[in-house]
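One structure below.
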Amino acid sequence: MHRSLIATAAVLLSGVIGGANEKPPVVQDVIHATPGKIKKAALAMLVADGYTIDSDTASQLKISRQWSSEETIRFNTDHWTNAPVSNCRHVLTLILLPVDQAISVTMHRDTVCHADGGWKIWTGENEKDGQWMQNTLANLKAKIEGSDQGH
């Protein structure tokens, strides 16, 4: 009971930390593996997409991928009334909390860009970001739990 309350509190807090967005998607699942195994599988899966480690603590893995020049040009063209952005990164955060005999994994996707002489952060808030996170987390779970059944 205590662990599930902690996991619920973490999900609620992560929604607050996400910023002032109306409703950022919360993507969460329970994976039957150690945090180390989850992190290792996530890195193996996402390094191929260009992600690298930003930080790694006991309960959190933060990785990011630099935007391509095409993504930056497209964003600046689509948002031409705003100040142009540069040095943008997709930042993916996995929050890992113990719950019963498993780990509750919550995923956030943010975009961080340099603009107007400072840094701007956008939390993944659209349906496409939410679907991408759901698919990524489902694939991660299948990869980990599927490999355990093979042994």
- prompt: Ignoring ligands, DNA and RNA, what accessible area per residue does the stretch 45-127 give at 1.4 Å, in Å²?
  reply: 56
- request: Under a cut-off of 16 Å between alpha-carbon atoms, report the lysines in cross-link reach of K128, not counting same-chain residues fewer than 8 places apart.
  value: K23
- request: Return the whole-Å distance between the Cα centroid of the stretch 30-63 and the Cα centroid of the stretch 91-146.
  value: 11
- line: In nanometres, the difference between 0.36 nm per residue of separation and the alpha-carbon distance of Q131 and H114 is 3.5 nm
task: Tell me which residues come under 5 Å, amide H to amide H, from W67 once H is placed; ignore anything under 5 positions away on its chain.
output: C88, R89, H90
task: Go ahead and run the numbers for FRET between I73 and K37, Cβ-Cβ distance against an R0 of 30 Å, rounding to 0.05.
output: 0.15
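The values are calculated or read from the model by the stated rules, or taken from the named source; none is laboratory data. This is a predicted model, so every value here is computed, not measured. Please note: Cβ atoms are built from the backbone with ideal geometry, for glycine as well, and neighbour counts cover all protein chains shown. Areas reflect the complete protein model, heavy atoms only, side chains present, ligands, DNA and RNA absent. Shrake-Rupley method; radii C 1.70, N 1.55, O 1.52, S 1.80 Å.
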